[in-house]
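The values are calculated or read from the model by the stated rules, or taken from the named source; none is laboratory data. Not measured: the values here are computed from a predicted model. Because the Cβ atoms are built from the backbone with ideal geometry, glycine has one as well, and the counts that use them run over all protein chains shown. What goes into the accessible areas is simple: the full protein's heavy atoms, side chains included, and nothing from ligands, DNA or RNA. Shrake-Rupley method; radii C 1.70, N 1.55, O 1.52, S 1.80 Å.
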Amino acid sequence: MSLAHNQYATQKVIEKYYSYALKKKERWDAKTILKIRKKELIKILDSKDLLKKDNLLFLIDTVKYHNQNKYQFNFLWNSIIILVSILFGGFLSGQASYSKDLDEFLELYKNFAIGIGILIIMIGTIDKAIIKDFFELEKKSKNRLLRTLENIYLEKYTT
């Protein structure tokens, strides 16, 4: 019921204030919102002479610069630090008492280190393949201003 009320209220606001974005009694959708954004941004920018070609390119470059990908594999680095701390902590804490002699302990510890290395490689792969892509997709979907400016530029200067 909440979703239906939200759709209805949004429809009424669009019909009242932004009727130019709707064709005869049609329902609003994502394209309607894009039309409204573009029209309102043009109104704001046109009054300040910002829609000239050079000014618009400057705005697009500025928005791109501030939205650059700043993802730095935080999950990977945190995982490496934790796993290496576990490795050295286990070595320094005297876990040798579980082994018969030092050679057996070093052999077990070498296998443990190899396992942690494989785990770090796996976490790095997951970080690059899944987590980074998720954050980039979220960023692209939220980057509406840049897309609107680019659409205005394409509409004005490429046709």
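In region 126-154, the qualifying residues are those that are in contact (Cβ under 8 Å) with a residue 12 or more places away in the chain and among the polar types (S, T, N, Q), and the one that is farthest from Leu34 (Cα to Cα) is Asn143. In the set (1) open to solvent by 50 Å² or more (accessible area, probe 1.4 Å); (2) out of contact with any helix residue (DSSP H, G or I) (no Cβ under 7 Å at 6 or more places or on another chain); (3) at pLDDT below 85, the condition left unmet by Leu45 is number (1). In region 98-117, the condition of being over 30 Å from Asp46 (Cβ atoms), of a type in the set (S, T, N, Q) and at pLDDT 80 or above is met by at least one residue. Just so you know, in region 51-81 the residues that are over 25 Å from the mean Cα position of the chain (by Cα) and modelled with pLDDT of 80 or more include one that is least open to solvent (accessible area, probe 1.4 Å), and it is Asn55.
Note down all Cβ pairs under 6 Å where the first residue falls in region 1-13 and is within 17 Å of Glu26 (Cα to Cα), the second is part of a loop (DSSP other than H, G, I, E, B) and hydrophobic (A, V, I, L, M, F, W, C), and they're at least six residues apart or on different chains. Partner pairs satisfying both residue conditions: Gln11/Trp28.
Considering region 82-97, the residues that are of a type outside the set (A, V, I, L, M, F, W, C) and at pLDDT 75 or above include one that is least open to solvent (accessible area, probe 1.4 Å), namely Gly89.
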